[in-house]
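First comes the structure, then the notes that go with it.
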Amino acid sequence: MEEKEIIAYRKDGQIIDTQTAAEIGCENCEPIYFDNSPDALEVIRHSAAHLMAQAIKALYPDARFFVGPVVEDGFYYDFRVSEKIGDGDLKKIEKKMQQIAKQKLAIERYCISKAEAREKFADDDLKQAVMDRIEDERLCVYRQGDFEDLCRGPHLPNTKWLKSFKLTRVAGAYLGGDSNAEMLTRIYGTAFADKESLKAYLTMIEEAKKRDHRKIGTELGLFMFEDEAGAGLPFWMPKGARLRGRLEQILYRAHRRRGYQPVRGPEILKADMWRTSGHYACYGENMYLTEIDGQEYGLKPMNCIGHILIYKKEIHSYRELPLKYFEYGVVHRHEQSGVLHGLLRVREFTQDDAHIFCTPAQIKPVVIDVLEFVDKVMKLFGFDYEMEISTKPDKAIGDDAIWETATSALKEALDENGFVYGIDEGGGAFYGPKIDIKITDALGRRWQCGTIQVDFNLPERFEMEYIDENNERRRPVMIHRAILGSFERFIAILTEHYAGEFPLFISPTPVVFVPVGEEHTTYCRKLADALAEEDIDSEIYDRNESLAKRIRTAEKQKTPLIVVVGDEEVQKESVAVRDRRKREQYEMAADAFVQFIKEQTSEVRI
RNA sequence: GCUGAUGUAGCUCAGCUGGCUAGAGCACUUGAUUCGUAAUCAAGAGGUCACGGGUUCGAGUCCCGUCAUCAGCUCCA
């Protein structure tokens, strides 16, 4: 059995490479072996980035390099070249990398003063830009063959370790992440200790692509986009609309049970309303503005104003609070063309929006209520989720005392429910602190959907009031909250989470009937009608195709329950059910079947 | 918005360096078949090659612009 080889060490919580260890000694060092541990991958990928840079330099001599860090599942390097580099060039670069790696070049390290480094890279403005960002006065350089680069490390001892890597994509990236700055070329890649792990990773990426909601949405006929109609404007096809309708109904009842009042505001309001709210100034660039009869109007990017104006129409007593208004609010936002992405990022979408008007003292109980609501919804779909509190930013309005009350109310609400949460210091909106809810999907990806935001700003700007127990006018606090976030994004996530195999209660077509012969269609029709009576959608596949073909079609549509009906079933008043979830077939009495589905769908009461 | 790539039938794709009436599979329509759990057979229909301009004797193919999509960047439900 060969001994595993050491490629670096972990010392005092830091990874140091063998080069550094040789220089500063290595007491209390834990060896890092050449394998796929997170520490090892950190080192391997860092060196893979350098190897890629070396290959690029060899192929494009005028290349200038910026930074090349390790990221979540790989690495990248930002650089500038005069030539255009496309996806087709990645193969070429990979090949060059392999050639260089095979030369088994030692990776050496030496350190110099910043002044010396400035001098050394005098003709390289990108390296100078890198140094502008580094505070250390002593900088290190790693050299392998004829290539060297300013770098903190850690690196492998030799390029010979680099065998299992793959360049995945080429893209543009702003220098320093500043959209006003120059755009550099960025190539992403990944690397592992062995070929098998690389292959497994690439397979996983392929699997994820199969679950892509855009692909499944097309296959199942859920939604579509139309170039000629405009970017980021989704169309819901019958099946998608049925699915969405199910979700809307479940959630509507859930809101009503929790004392929310349905309201509805107009899609378009005078621009002055948006000036009062502050959206015109702060969000104007993302708004669609138009002119009607010489007056400027704006399509709503948020639903708050409608709810506020409804609130203000009447005088409210403290006894009414907390007052909860909800709306499936359609909003329009002018997102940048490059960020549109299927249903995950669109220009028109519907939020499951609510605004809760309450006293400062009620913030906590209200938030606890909302958290319970969120938990019910997440559990229903089997999502894990995380919470994050964002606190007061530098630029904020409202008294520190109120901020303090609100922020601690949010924290206490989470603490008392035993929630673990992160804190984003200074990440709140200027008008108040918030809790963001982040869903983790079946592939471990995190999505921001729900949000609970405390707002002191809008009640002030719109001079909202309630009458307290001493018959005095008070200003209410407003809590914005969404649970799904938007139907569009949430359904995209659901689709990928379930890979299109939606649970019975939201499935667009929970039941497909497959009559064995023509003479069995009448019986199917009778059962379908019985289901329709219970608001359950079904289809009858009585086309002129073989039985096997029709079952296959139903399977490909990911139908939860396929019901085959022939002489036997008609005679016995029964059904033969093929259950997608259980992957088995069973027979049951027809009326029991209807009852069964009815129970399955009403169980989702939340 | 920026960088790079892409756009051929409802879907997935072929169409080499410009050269006959633009192809395939699936889906669709019609006919035959009436079938017991993942593809019955046959025939047919379907495309102003994203849109607009240009180069050329000739453009799906080359060039420019617009629109849209994809991978990122910057920003967000």
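Being free of Cβ contacts under 8 Å to residues at least 24 places away in the same chain, outside any strand (DSSP E or B) and away from RNA strand B (no atom under 16 Å from the Cβ): is that true of A:LYS411 here?
Yes: the conditions hold for A:LYS411.
I'd like to know if region A:519-539 contains one or more residues that are surrounded by fewer than 14 Cβ atoms within 10 Å (Cβ to Cβ) and within 11 Å of RNA strand B (Cβ to nearest atom).
Yes, the conditions are met somewhere in region A:519-539.
From A:GLU314, A:GLU327, grab the single residue that is surrounded by 12 or more Cβ atoms within 10 Å (Cβ to Cβ), acidic (Asp, Glu) and either within 18 Å of A:PHE462 (Cα to Cα) or modelled with pLDDT of 95 or more (or both). Reasoning before the result, please.
On the way: A:GLU314 fails: surrounded by 12 or more Cβ atoms within 10 Å (Cβ to Cβ).
Of the residues listed, the single one that is surrounded by 12 or more Cβ atoms within 10 Å (Cβ to Cβ), acidic (Asp, Glu) and either within 18 Å of A:PHE462 (Cα to Cα) or modelled with pLDDT of 95 or more (or both) is A:GLU327.
Filter region A:42-96 down to the residues that are more than 14 Å from A:TYR188 (Cα to Cα), touching a residue at least 40 places away in the same chain (Cβ under 8 Å) and touching a Ser or Thr at 6+ places or on another chain (Cβ under 9 Å) and list them by number.
If the condition is that a residue be more than 14 Å from A:TYR188 (Cα to Cα), touching a residue at least 40 places away in the same chain (Cβ under 8 Å) and touching a Ser or Thr at 6+ places or on another chain (Cβ under 9 Å), then A:ILE44, A:GLN54, A:ARG80, A:VAL81 are the ones that fit.
Evaluate the following for A:GLY382: is it in a loop (DSSP other than H, G, I, E, B), surrounded by fewer than 22 Cβ atoms within 10 Å (Cβ to Cβ) and not aromatic (Phe, Trp, Tyr)? Please lay out each step first, then the result.
Working: in a loop (DSSP other than H, G, I, E, B): yes; surrounded by fewer than 22 Cβ atoms within 10 Å (Cβ to Cβ): yes; not aromatic (Phe, Trp, Tyr): yes.
Spelling it out, A:GLY382 is indeed in a loop (DSSP other than H, G, I, E, B), surrounded by fewer than 22 Cβ atoms within 10 Å (Cβ to Cβ) and not aromatic (Phe, Trp, Tyr).
I'd like to verify a number: residues in region A:522-546 that are within 20 Å of A:ARG246 (Cβ to Cβ) and of a type in the set (S, T, N, Q), how many?
Residues that pass the stated criteria total 1.
Restricting region A:345-369 to residues that are within 16 Å of RNA strand B (Cβ to nearest atom) and over 21 Å from the mean Cα position of the chain (by Cα), which is nearest to A:GLY230 (Cα to Cα)? Before you say what the answer is, go through the steps one by one.
So the first thing to find is which residues in region A:345-369 are within 16 Å of RNA strand B (Cβ to nearest atom), and the list is A:345-355.
With over 21 Å from the mean Cα position of the chain (by Cα) added as a condition, the list becomes A:354-355.
Details: A:ALA354: 29, A:HIS355: 31 Å.
Only one residue tops the list, namely A:ALA354.
Filter region A:214-238 down to the residues that are assigned to a helix (DSSP H, G or I) and touching a strand residue (DSSP E or B) at 6+ places or on another chain (Cβ under 9 Å) and list them by number.
Start the filter on region A:214-238 by keeping residues that are assigned to a helix (DSSP H, G or I), which leaves A:214-219, A:238.
If the condition is that a residue be assigned to a helix (DSSP H, G or I) and touching a strand residue (DSSP E or B) at 6+ places or on another chain (Cβ under 9 Å), then A:ARG214, A:GLY217, A:THR218 are the ones that fit.
Taking into account only those residues within region A:64-116 that are hydrophobic (A, V, I, L, M, F, W, C), within 12 Å of RNA strand B (Cβ to nearest atom) and farther than 27 Å from A:THR18 by Cα, which is surrounded by the most Cβ atoms within 10 Å (Cβ to Cβ)?
Here the answer is A:PHE79.
Where residues in region A:151-165 are in a strand (DSSP E or B) and buried (at least 19 other Cβ atoms within 10 Å of the Cβ), which of them is nearest to the chain's Cα centre (by Cα)?
Our first condition is that a residue be in a strand (DSSP E or B); within region A:151-165, this holds for A:158, A:164-165.
Filter again for buried (at least 19 other Cβ atoms within 10 Å of the Cβ), leaving A:164-165.
Values: A:SER164: 29, A:PHE165: 27 Å.
Per the stated criteria, the residue is A:PHE165.
Report every pair of residues separated by at least 6 positions or lying on different chains whose Cβ atoms are under 6 Å apart, first residue within region A:336-355 and under 16 Å from A:PRO234 (Cβ atoms), second more than 7 Å from RNA strand B (Cβ to nearest atom) and of a type in the set (Lys, Arg).
From residues that are under 16 Å from A:PRO234 (Cβ atoms), there are no pairs.
Could you check, for region A:437-447, whether at least one of its residues is surrounded by 16 or more Cβ atoms within 10 Å (Cβ to Cβ), within 12 Å of RNA strand B (Cβ to nearest atom) and free of Cβ contacts under 8 Å to residues at least 40 places away in the same chain?
Within region A:437-447 (the criterion being surrounded by 16 or more Cβ atoms within 10 Å (Cβ to Cβ), within 12 Å of RNA strand B (Cβ to nearest atom) and free of Cβ contacts under 8 Å to residues at least 40 places away in the same chain), the answer is no, since none of the residues qualifies.
Across region A:248-267, what is the number of residues that are more than 22 Å from A:VAL377 (Cα to Cα) and either among the acidic types (Asp, Glu) or buried (at least 16 other Cβ atoms within 10 Å of the Cβ) (or both)?
Filtering region A:248-267 down to residues more than 22 Å from A:VAL377 (Cα to Cα) leaves A:264-267.
Still in the running and either among the acidic types (Asp, Glu) or buried (at least 16 other Cβ atoms within 10 Å of the Cβ) (or both): A:265, A:267.
Of the residues in region A:248-267, 2 are more than 22 Å from A:VAL377 (Cα to Cα) and either among the acidic types (Asp, Glu) or buried (at least 16 other Cβ atoms within 10 Å of the Cβ) (or both).
Restricting attention to region A:574-606, which residues are out of contact with any strand residue (DSSP E or B) (no Cβ under 7 Å at 6 or more places or on another chain), buried (at least 17 other Cβ atoms within 10 Å of the Cβ) and of a type in the set (Ser, Thr, Tyr)?
Hit for region A:574-606 is A:THR601, nothing else.
How many residues are over 18 Å from A:TYR325 (Cα atoms) and either modelled with pLDDT of 95 or more or in contact with an Asp or Glu (Cβ under 8 Å, 6 or more places away or on another chain) (or both) when one looks only at region A:343-363?
Narrowing region A:343-363 to residues over 18 Å from A:TYR325 (Cα atoms): A:343-349, A:361.
Okay, now just the ones that are also either modelled with pLDDT of 95 or more or in contact with an Asp or Glu (Cβ under 8 Å, 6 or more places away or on another chain) (or both), so A:343-349.
The number of residues fulfilling the criteria is 7.
Looking at A:ASP178, A:ASP194, A:ASP212, which is the one that is surrounded by 12 or more Cβ atoms within 10 Å (Cβ to Cβ), within 12 Å of RNA strand B (Cβ to nearest atom) and of a type in the set (Asp, Glu)?
On the way: A:ASP178 fails: surrounded by 12 or more Cβ atoms within 10 Å (Cβ to Cβ); A:ASP194 fails: within 12 Å of RNA strand B (Cβ to nearest atom).
Being surrounded by 12 or more Cβ atoms within 10 Å (Cβ to Cβ), within 12 Å of RNA strand B (Cβ to nearest atom) and of a type in the set (Asp, Glu) holds for just one of A:ASP178, A:ASP194, A:ASP212, which is A:ASP212.
Hey, can you tell me all the residues within region A:12-54 that are among the acidic types (Asp, Glu), under 37 Å from the mean Cα position of the chain (by Cα) and in a helix (DSSP H, G or I)? Can you show your working first?
Narrowing region A:12-54 to residues among the acidic types (Asp, Glu): A:12, A:17, A:23, A:27, A:30, A:35, A:39, A:42.
Filter once more, keeping what is under 37 Å from the mean Cα position of the chain (by Cα): A:12, A:17, A:30, A:35, A:39, A:42.
Answer for region A:12-54, where residues must be among the acidic types (Asp, Glu), under 37 Å from the mean Cα position of the chain (by Cα) and in a helix (DSSP H, G or I): A:ASP39, A:GLU42.
The values are calculated or read from the model by the stated rules, or taken from the named source; none is laboratory data. Values in this document were obtained by computation on a predicted structure and should not be read as measured data. Neighbour counts run over all protein chains shown; Cβ positions are idealised from the backbone, glycine included.
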